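The values are calculated or read from the model by the stated rules, or taken from the named source; none is laboratory data. None of the values given here were measured: they were computed from a predicted structure. No Cβ is skipped: glycine too gets one built from the backbone with ideal geometry, and neighbour counts run over all protein chains shown. Accessible surface areas use protein heavy atoms only, side chains included; no ligands, DNA or RNA. Shrake-Rupley method; radii C 1.70, N 1.55, O 1.52, S 1.80 Å.
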Amino acid sequence: MIDRETVDRIYAAANIVDIIGDYVTLKRKGVNYQACCPFHNEKTPSFVVSPSKGVYKCFGCGKGGNAVTFLMEHENIAYPEALKMVAKRYGIEVKEKELTPEEARRNDDRESMFALNGWAADYFARYLLHESEGMSVGMTYFRQTRGMTDATIQKFGLGFCPAKGDKMSKDALAAGYKEEFLLSTGLSLKRESDGSLYDRFRDRVIFPVHNISGRIVAFGGRTLRTDKSVAKYQNSPESEIYSKKRELYGLYFAKKAIQQQDFAIMVEGYTDVISMHQAGVENVVSSSGTSLTTEQIRLLNRFTKNITVIYDGDSAGIHASLRGIDMILKEGMNVRVVLLPEPEDPDSFARSHTAAELQEYIRTNEQDFLAFKAKLLLQDAEGDPIKKAALIGDMVQSIAQIPDPIQRSVYIKECARIMDIDEQILISEVARKRLSTTGDRETDEFVRRQTTLRREVPREPEVEYVKQVEAGSSTDALERELCKYLLKYGHCKFDFKEGRNMVSCNVAEVIFDELADGDLTFRNVRYDKIRAAYLEQWQQLGVGAEVPAHVFLTHIDPEVCDVSVDLLFSDDNYVASELWKRKEVHVESEAEMLAVGVPKAVALYKTKVIEGMIKELQTRLDDAELSEEVQSDVMQRLSALNRAKVTMAKKLQRLIL
């Protein structure tokens with residue numbers, strides 16, 4: 001356990017914009033920051049970070065929390081591990097109490113696998129730099145064949161695995177690492193003959209694969225043999241910590257440059273990435289070990305909407321790679337393509353050019369995906385109308401992937417110009433394709449918008465009212481509503497009509513007085529923690545004092561943090577529309593809203609609790625073995641509860657009227 005004082009220091013030091021900014025590209029909007037949510041796929045940013053409150057909230061998927069709970073969610077780690085990550089970032093020493101056996105068991109396999117991978121990366125790097133075999137084979141390849149500097153080799157953690165088939169596995173076991181993790185990470189394989197371990201990456205140069213936060217999740221190993229029967233590359237298998245479709249090689253080193261330049265360069269292999277970085281172009285990643293996947297595209301989408309794909313000049317796989325362009329378009333991103341002169345690839349081209357020359361070449365030679373595709377495919381279709389028709393169909397397929405209707409419209413016009421075809425035909429074909437492949441009914445409107453010039457009659461916006469609980473609301477919903485009133489408006493006042501008199505009330509005082517009247521606590525554990533924490537602060541500060549939000553947003557219980565963020569950022573708030581004020585439509589003030597909402601929520605909640613108690617007592621009366629004395633006591637309590645229920649019903653009626 002980490003003591004509360006240290007936890008407070010960690011929260012005080014944590015800059016949520018810096019921490020989340022390592023994972024997504026945040027753009028300032030007023031006093032807050034916005035981005036596309038890293039937890040679900042979306043085209044329009046609904047993920048908001050508030051530096052003043054130190055919290056984030058996604059209004060799309062509902063996730064929210066502080067810097068620590070963000071790391072918990074994103075890295076899939078426990079609360080103590082997330083605290084340690086933040087502490088390490090800000091140089092805060094963490095002292096822990098001795099773990100109980102139960103807490104020790106909670107250190108799951110993931111952490112053991114990460115630890116083993118970290119050890120293996122150091123092992124391969126040391127073997128490359130200090131062992132004669134590593135230096136004569138691995139370093140010769142990296143330095144002489146690939147032209148890499150020692151600084152680059154160190155930056156990417158490159159290494160070499162011994163040629164002796166089981167040396168690394170034996171050394172790992174001797175260092176105290178378990179066989180089960182050597183197998184689950186894929187560093188070792190087991191012989192069927194005798195069950196002994198041998199090294200997956202034996203006699204190969206090693207490329208560690210880092211995840212977005214810099215932890216090593218996998219390895220790639222390249223053989224230097226010319227034997228065609230030996231696979232050129234060996235990669236780590238899928239594991240608890242590694243999914244190749246979700247990782248991009250080099251992203252950890254490239255993310256800052258991608259954010260700064262607002263575009264990413266996509267290449268094919270490990271050495272392409274490394275040589276480009278060494279040349280000074282650092283916004284480069286690759287999907288090594290797999291074809292480009294939707295998950296990888298969404299990962300990049302956190303940092304930029306713009307991707308430039310670089311193809312080898314003599315690449316035979318360009319046609320097949322065009323599928324990746326369609327996938328990028330489908331995710332709402334912008335794609336440009338650069339074709340290198342033959343016989344260059346990004347690795348060789350980067351080694352023979354400076355950063356300025358590389359950047360200039362990309363700027364002057366990058367093409368829009370549509371122009372590139374048309375130029376590439378027209379070479380095959382020249383003079384053949386049937387092939388040209390197929391080419392148009394291919395381009396329609398790409399345009400149909402674009403989710404934004406305005407972008408689609410622009411590309412349709414451009415395609416009609418390039419291919420010398422009627423624009424209206426392309427409009428219909430794109431709409432039909434979207435309808436058949438995505439089920440997108442919006443395409444009907446798209447067709448109408450593109451084929452007619454009629455203007456839509458503007459509709460009057462609807463008034464936004466406060467979303468209040470109703471009589472049929474559940475106990476859970478009512479407890480949530482009361483917590484929200486406490487967190488947002490606990491210090492506020494409102495005037496309440498009591499008989500003929502107007503009484504000035506405080507929100508928190510009304511709620512706590514009513515709850516104390518029945519000695520009530522909340523049934524939902526999370527909401528009751530918030531109620532109890534607020535009550536403790538409120539009693540210390542006094543009636544009318546504002547309980548600081550950070551008490552809940554940095555609470556030692558992560559559940560309280562998450563629920564508090566959800567309540568404070570809930571989008572069902574009362575919104576006073578300037579438009580309706582101008583139209584002289586009465587819009588309730590905050591005090592008017594509280595005067596209705598708070599008493600009603602409390603009355604509904606007490607009614608719900610009373611009804612639950614009545615139901616429980618009625619169930620007890622059905623017990624045939626109940627003594628007369630107990631039966632009489634239950635009847636008296638039922639009578640009292642029914643009177644209270646009638647009183648609450650009359651109160652509710654007055655409130656509604």
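Candidates are the residues of region 460-502 that are open to solvent by 40 Å² or more (accessible area, probe 1.4 Å) and among the aromatic types (F, W, Y); the one that is modelled with the highest pLDDT is F496.
Of the residues in region 336-350, at least one is under 30 Å from the mean Cα position of the chain (by Cα) and open to solvent by 10 Å² or more (accessible area, probe 1.4 Å). For beta carbons closer than 9 Å, sequence separation of 6+ or different chains, a first residue in region 258-271 that is closer than 27 Å to Q234 by Cβ and open to solvent by 20 Å² or more (accessible area, probe 1.4 Å) and a second that is polar (S, T, N, Q) and in a helix (DSSP H, G or I), the qualifying pairs are E268/S321.
On inspection, E192 qualifies as more than 30 Å from T304 (Cα to Cα), open to solvent by 50 Å² or more (accessible area, probe 1.4 Å) and modelled with pLDDT under 95. Looking only at region 323-335, count how many residues are crowded, with 20+ Cβ neighbours inside 10 Å and part of a helix (DSSP H, G or I). The qualifying residues number 3.
Taken over region 527-542, residues that are modelled with pLDDT of 90 or more and of a type in the set (D, E) amount to 1.
Residues in region 108-139 that are surrounded by 14 or more Cβ atoms within 10 Å (Cβ to Cβ), closer than 24 Å to D272 by Cα and over 35 Å from the mean Cα position of the chain (by Cα): Y127, L128, L129, G134, M135, V137, G138, M139.
Do we find that S286 is of a type in the set (G, A, S) and at pLDDT 95 or above in this structure? Taking the combined requirement at face value, the residue does not satisfy it. Scanning region 612-626 for residues that are assigned to a helix (DSSP H, G or I) and out of contact with any Leu (no Cβ under 9 Å at 6 or more places or on another chain) gives G612, K615, E616, T619. The condition of being over 26 Å from I19 (Cα atoms), among the aromatic types (F, W, Y), modelled with pLDDT of 90 or more and crowded, with 22+ Cβ neighbours inside 10 Å holds for only one of F201, F181, that being F201.
Residues considered: G65, G21. Of these, the only one that is surrounded by fewer than 20 Cβ atoms within 10 Å (Cβ to Cβ), within 21 Å of I212 (Cβ to Cβ), small (G, A, S) and modelled with pLDDT of 85 or more is G21. Here the condition is being of a type in the set (S, T, Y), without any contact (Cβ under 8 Å) to a residue 60 or more places away in the chain and within 26 Å of P38 (Cα to Cα); of S236, S213, S229, it holds for S236 alone. Criterion applied to D420, D394, D380 was being acidic (D, E), at pLDDT 80 or above, exposed (fewer than 14 other Cβ atoms within 10 Å of the Cβ) and closer than 29 Å to I310 by Cα, and the one residue passing it is D420. Restricting attention to region 273-306, the residues that are farther than 18 Å from A218 by Cβ and out of contact with any Leu (no Cβ under 9 Å at 6 or more places or on another chain) add up to 14. The combined condition, being open to solvent by less than 60 Å² (accessible area, probe 1.4 Å), modelled with pLDDT under 85 and not in a helix (DSSP H, G or I), is not fulfilled by I402. Quick check on L376: is it hydrophobic (A, V, I, L, M, F, W, C) and touching a residue at least 40 places away in the same chain (Cβ under 8 Å)? The answer is yes for L376. Checking each residue in region 341-381 for being within 30 Å of G393 (Cβ to Cβ), in a helix (DSSP H, G or I) and not aromatic (F, W, Y) picks out N365, L370, A371, K373, A374, K375, L376, L377, L378, Q379, D380, A381.
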